[in-house]
Amino acid sequence: MASDPQPTPRELGYCMPPEWVPHRATWLTWPRPGSSSFGGREERVEPALARLVRILAQDEEVRLCVWDAKAERSVRRRFEEAGGVPDNVHFHHFPAYEPWCRDHGPIFVAREATLRLAAVDWEYNAWGGKYPPYDLDNEIPRRIAEFRGCPRFEPRMVLEGGAIDVNGAGSLLATESCLLNPNRNPGMDRAAIEKKLRDFLGVDQILWLGRGIEGDDTDGHVDDLARFVSADTIVAAVETNRSDPNFEPLRENLERLKRMRSFSGKRFQIVELPMPAPVWEQGVRLPAAYLNFYIANEKVIVPVFGDRRDEEAVAALEALFKPRRVEALDCREIIWGLGAAHCLTQQEPL
C-alpha cells in the first residue's frame, strides 16, 4: 500500500517571508580559485566581495561558505588586508563551484508555531545546465539546513532564488522566460510549476512577467527586473533608450505590472527605476541593473556601475526604504560574473 504523501510547507503553516523582515544571518559563497564566474579575475573581484561582507557584518551575522580550510585561510588574508575579519563573519567548509548563493542556497520559510524556520531545498542545475559541474552547489541547502538543525523540504523542482520575489502578503513575482524554460523543468507545465510554488513557499498568486535583460545568462531572473519593496509597492526597471535591446522587454514588463492586482484585489504602486548605460567587457554585454539590490537588516546595498544614473537610482531607493540606509556598492568588477549584490546573498530570517 502506498504511503500517504508528506504534508507540504503550506499545509504546515509555512510561508516565505519577504526580504525586509529581520534576518538572523546572510549567507554567501566565496568564489573558489578558478571559478568560471570570474575567469581568473579574483584579485580584482575579491576586494569588492570583501566590502560587501563588511557592510553586511556591521548589522547582522554573515555566514561564508568556502571550499576548504586552505580557502578559508586565503579569504581571511583578504580581510586582514583591509583591517581584519569582522567579528560577525563565520566560515563554513561547504564547497560549491560558483559563488551565487542566491540561486544555489536554500530558500527559508517560516511559521509562528514550533520549529519556526525550515529550508526549502530546490533542485539546482546551473541555470539550465549551462555551467557543469554543479553537484556540490546543489548540496548547499542540505548542508546549511543540517548546520541549523531545521526541517528541510524537497520540492523536486529546479528553482533559483533570483527567479522569484515575494511580498509577504500572498504574491510572488516571476518571469515566463525563466520558470517556463524547458531547460529547468521540461516535464512541468505552468500549472504544475505554480502549484509547487504555492505548496512550498506558501504564496497565493503567481504574477508573471515576460523576458529578462540583455546579458543575463539566467534566462531572465526577476531580481534584475522588478522587486517588491513593500506589500503593495513594486520597483521596476525601465529603459528610456528606444534603440536599446532592453527597451521593449522592460516596457512590456512594466505594462504587465501596471495591470496586476494584489491577492486582496488592489493595484500595486509601481515605482520606475532607470537602467544604467550598457556595461561591456571584452565585447560582452553584462547584465548591469540597479534592481539587483539586497535588503539587509539596517541598510539596502545597491549595485552601482560608475554611471551618471547611479545617484538617481540610489536616491530613488533611499526614498522607498527609509529609515534603512542605502549603501552603494561598486559592482563593476563583480558584474563580470553576470551577477551583483542580490545574486551573491541569501537571507536567513529570524
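When a/c reaches 1.5 or more, the comparison of a/b and b/c decides; with that in mind, is segment 23-349 rounded, prolate or oblate per its Cα gyration tensor? Walk me through the intermediate numbers first.
On the way: a/c = 1.38, a/b = 1.13, b/c = 1.21.
Rounded.
With no solvent and one equal point scatterer placed on each C-alpha of segment 271-350, evaluate the Debye formula and give log10 I(q)/I(0) for q = 0.12, 0.16, 0.19, 0.23 Å⁻¹, two decimals.
After summing over all Cα pairs, the log10 values are -0.33, -0.57, -0.78, -1.08.
If we count other beta carbons within 10 Å of each Cβ, what is the order of R111, R259, fewest first? Walk me through the numbers before you get to the answer.
Details: R111 17, R259 9.
Listing R111, R259 from fewest to most nearby Cβ atoms yields R259, R111.
Just want the ordering: T240, T114, T8, T218, from fewest to most Cβ atoms lying within 10 Å of their own Cβ. Can you show the working numbers first?
Values: T240 12, T114 5, T8 17, T218 26.
By the 10 Å Cβ count, ascending: T114, T240, T8, T218.
Count of lysine pairs in the chain with Cα atoms under 25 Å apart, counting only pairs 8 or more residues apart in sequence or on different chains? Can you show the working numbers first?
Values: K130/K196; K195/K258; K195/K266; K196/K266; K258/K266; K258/K322; K266/K322; K299/K322.
So the count works out to 8.
Sort Y290, Y124, Y134 so the one with the fewest other Cβ atoms within 10 Å of its own Cβ comes first. Mind dumping the intermediate values first?
On the way: Y290 28, Y124 22, Y134 19.
In increasing order of surrounding Cβ atoms, one gets Y134, Y124, Y290.
Just so you know, all these numbers are worked out from the coordinates, no wet-lab data involved. Because the structure is predicted, anything quoted here is derived from the model rather than measured. In this analysis, Cβ positions are derived from the backbone assuming ideal geometry, glycine residues included, and neighbour counts consider all displayed protein chains.
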